[in-house]
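One structure below.
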Amino acid sequence: MKAQQERFLIVSVSDKRFAFPLKDIAEVMETFRTYPIPKAPPEYVGVMNSHGAPVPVLDFGSFLHGRPARQSGTILVIDSRIGSLALLVDGIEKIVSGCTAETGSERDWLSGTSLELEMETIPSPSLEKLVALLEETLQGSGATSRKP
């Protein structure tokens, strides 16, 4: 089991909590405007302008649970070194310091690592693996399952 200390952004999505490494988040936005993406899957809310660059916005709850995309919430703009993507989440709870631990398969993008926080295990999804999965899916060669 490998553990390392870092800071995390705890977010809520539907009835679940997720821990994203703060180093992987470029920006948090409360208000945003999106534009439709023709022929995009329904979990994409649209595309937004992020400092002059078009960035697709993925409703994370819709992606995980297959529900229609929401039109309100908080946007997490992913660091550009990972990919061009923003996630729509229900809200931000807090920023915490902690250690991650491997809890699943290395290939498991959703729950491969987790954060132990106040007697709770919070999944820490791999944003790199999520971006790769989305790219494969959009190109037609990806797995149809969103959950590992």
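So here's what we get for this one:
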read-out	value
Of all residues making up the range 100-148, the number that are among the small types (Gly, Ala, Ser) and modelled with pLDDT of 85 or more	3
All positions within the range 35-68 that are closer than 15 Å to VAL13 by Cα and either among the basic types (Lys, Arg) or surrounded by fewer than 20 Cβ atoms within 10 Å (Cβ to Cβ) (or both)	LEU64, HIS65, GLY66, ARG67, PRO68
Filter result (more than 20 Å from GLY140 (Cα to Cα), of a type in the set (Lys, Arg) and outside any strand (DSSP E or B)) within the range 16-59	LYS23, ARG33
Of all residues making up the range 76-96, the number that are farther than 12 Å from PHE20 by Cα and not in a strand (DSSP E or B)	7
Selected residue (criterion: surrounded by the most Cβ atoms within 10 Å (Cβ to Cβ)) from residues of the range 17-34 that are hydrophobic (A, V, I, L, M, F, W, C) and closer than 30 Å to THR100 by Cα	ALA19
Filter pass, SER14 being more than 19 Å from GLY83 (Cα to Cα), hydroxyl-bearing (Ser, Thr, Tyr), at pLDDT below 95 and surrounded by 15 or more Cβ atoms within 10 Å (Cβ to Cβ)	no
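The values are calculated or read from the model by the stated rules, or taken from the named source; none is laboratory data. In this text the structure is predicted, and so the values were computed from the model without any measurement. When we count neighbours, we look across all protein chains shown, and the Cβ atoms used for this are built from the backbone with ideal geometry, even at glycine.
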